[in-house]
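The values are calculated or read from the model by the stated rules, or taken from the named source; none is laboratory data. Only a predicted model underlies this, so the values are computations on that prediction, with no experimental measurement involved. Here the Cβ positions follow ideal geometry from the backbone for every residue, glycine too, while neighbour counts run over all protein chains shown.
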Amino acid sequence: MRKLATAGLLTEKRLSRQGLTKKVKTNPPLRVVFVELTKKCNLRCRHCYVPDCSDSVKRANNGQMTFAKICDLISQIDELGVMELQFTGGEPFVLPYALDIIKEAQSRLIPCSVFTNGTLMTEDVFRYISENNYGLIFYISLDGHQETHDAFRRSQGAFQKTVEAIKKMLQIGCDVRINTSIGRHNIAEMRQFIKFVKNEFGILHRLVTVEPIGRANSEMTITAQEFASLLQESNNTFEFLDSHDSVADWSTPACGIGSSMLFIDAYGNVSFCPTLTQRENPEFLAGNIIHSSLKDIWENSPVFKKFRGLQCKDVEQCRFRELCKGGCRSRAYLSAGDVNSPDLAMCLLYNARQT
């Protein structure tokens with residue numbers, strides 16, 4: 001055991017990602033697939049990038065992927081050797097078969113992340129993940145203290161339900177992380193809220209910015225300087241480094257967008273990421289899995305071929321490239337209209353750390 005530890009084959013540190021080594025069967029390698037399971041949601045969050053998200057789970061959007069199609073997609077993902085599967089919405093747990101989707105992915109030993117507001121998680125869900133949480137991560141949205149969160153989510157009592165879900169998941173040993181969207185509505189209390197999360201939960205805290213898409217508008221956003229200052233003061237780098245730094249060098253964005261990651265919306269449309277889709281630019285639509293295989297779209301779509309090397313245009317000359325890895329391509333595009341523009345918030349952050 002001592003020899004294995006010395007050789008670096010054993011460690012007492014908890015790994016940021018769990019899973020098996022798989023043979024990737026695409027060229028270039030497709031490592032991460034982000035799937036929007038539904039556009040439906042039980043909340044009406046003011047910032048949501050899904051403009052047609054219904055406040056009633058009864059008002060389903062026609063044409064969204066069925067359970068059978070999602071299972072077929074997971075089969076394709078498994079066959080291609082994808083290393084990580086991320087589920088989002090809408091709210092995944094408005095679907096009566098959300099847990100079955102997670103089970104399908106886990107049965108194929110695919111590490112999964114689930115983005116949820118945490119208000120619809122049942123005892124059946126908690127019971128399952130308490131016994132089957134290997135390679136399973138939950139990102140739960142919490143956007144401020146109770147009054148702020150409930151107003152932003154437009155649902156009285158949402159904060160309490162979400163906090164209870166987080167505590168329950170921690171009790172059963174689940175890997176849970178908090179996801180906070182920062183905008184004009186909560187920036188004033190964010191420093192205190194970050195301390196609250198640290199003291200109350202002691203778990204990883206992911207900070208992202210509200211962007212002017214979907215229901216949000218430019219009046220809801222904060223400046224790059226405000227975001228950089230917040231990250232600097234809170235010493236929070238998880239927002240942009242996450243765990244992808246172990247598989248990406250500075251020549252590609254940290255998240256793998258365009259080079260090793262793609263996004264599939266609830267209708268089967270394939271694009272770059274949840275905030276770089278055909279909604280932002282028709283040129284970003286790479287295909288649809290209803291009509292083509294995932295492998296064919298990834299390897300042969302003219303869109304992916306055109307944007308395969310997208311990265312910050314200043315990365316080669318940047319002294320922080322090993323740390324920043326180009327920042328967020330979506331944030332850069334939404335602020336400057338160019339996927340290769342610098343992510344100003346990251347530029348400001350790293351320069352501030354050197355002064």
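If a residue must be at pLDDT below 85 and of a type outside the set (A, V, I, L, M, F, W, C), how many such residues does region 236-293 contain?
Adding up the residues that qualify gives 12.
Looking at (1) surrounded by 15 or more Cβ atoms within 10 Å (Cβ to Cβ); (2) closer than 19 Å to Pro274 by Cα; (3) modelled with pLDDT under 95, which is the one condition that is false for His205?
(2)
List, please: which pairs have Cβ atoms under 9 Å, are six or more places apart or on different chains, and start with a residue in region 251-280 that is farther than 14 Å from Gly326 by Cβ and end with one that is basic (Lys, Arg)?
Asp265/Lys39; Asp265/Arg279; Ala266/Lys39; Ala266/Lys40; Tyr267/Lys39; Gly268/Lys69; Ser271/Arg279; Thr275/Arg331
Mind listing whichever residues of region 309-355 are of a type in the set (Phe, Trp, Tyr) and closer than 23 Å to Gly214 by Cα?
Tyr333
Only one of Pro253, Pro282 is buried (at least 17 other Cβ atoms within 10 Å of the Cβ) and at negative phi. Can you tell me which?
Only one candidate qualifies: Pro253.
I'm trying to understand the selection: among the residues of region 129-155, which are aromatic (Phe, Trp, Tyr) and surrounded by 17 or more Cβ atoms within 10 Å (Cβ to Cβ)?
Phe138, Tyr139, Phe152
Give the residues of region 185-195 that are exposed (fewer than 14 other Cβ atoms within 10 Å of the Cβ) and touching an Asp or Glu at 6+ places or on another chain (Cβ under 9 Å), sorted by residue number.
Arg191
Go through Ala105, Ala158 for me and flag whichever is modelled with pLDDT of 95 or more, within 27 Å of Gly268 (Cα to Cα), over 16 Å from the mean Cα position of the chain (by Cα) and surrounded by 21 or more Cβ atoms within 10 Å (Cβ to Cβ).
Ala105
Since Pro212 meets every condition but one in (1) of a type outside the set (D, E, K, R); (2) touching a helix residue (DSSP H, G or I) at 6+ places or on another chain (Cβ under 9 Å); (3) closer than 19 Å to Val50 by Cα; (4) buried (at least 19 other Cβ atoms within 10 Å of the Cβ), which condition does it not meet?
The single condition Pro212 does not satisfy is (4).
Restricting the search to region 82-122, which residues are without any contact (Cβ under 8 Å) to a residue 40 or more places away in the chain, aromatic (Phe, Trp, Tyr) and not in a loop (DSSP other than H, G, I, E, B)?
Answer for region 82-122, where residues must be without any contact (Cβ under 8 Å) to a residue 40 or more places away in the chain, aromatic (Phe, Trp, Tyr) and not in a loop (DSSP other than H, G, I, E, B): just Phe93.
Based on this model, can you work out whether Thr66 counts as polar (S, T, N, Q), buried (at least 16 other Cβ atoms within 10 Å of the Cβ), at pLDDT 50 or above and within 30 Å of Glu79 (Cα to Cα)?
no
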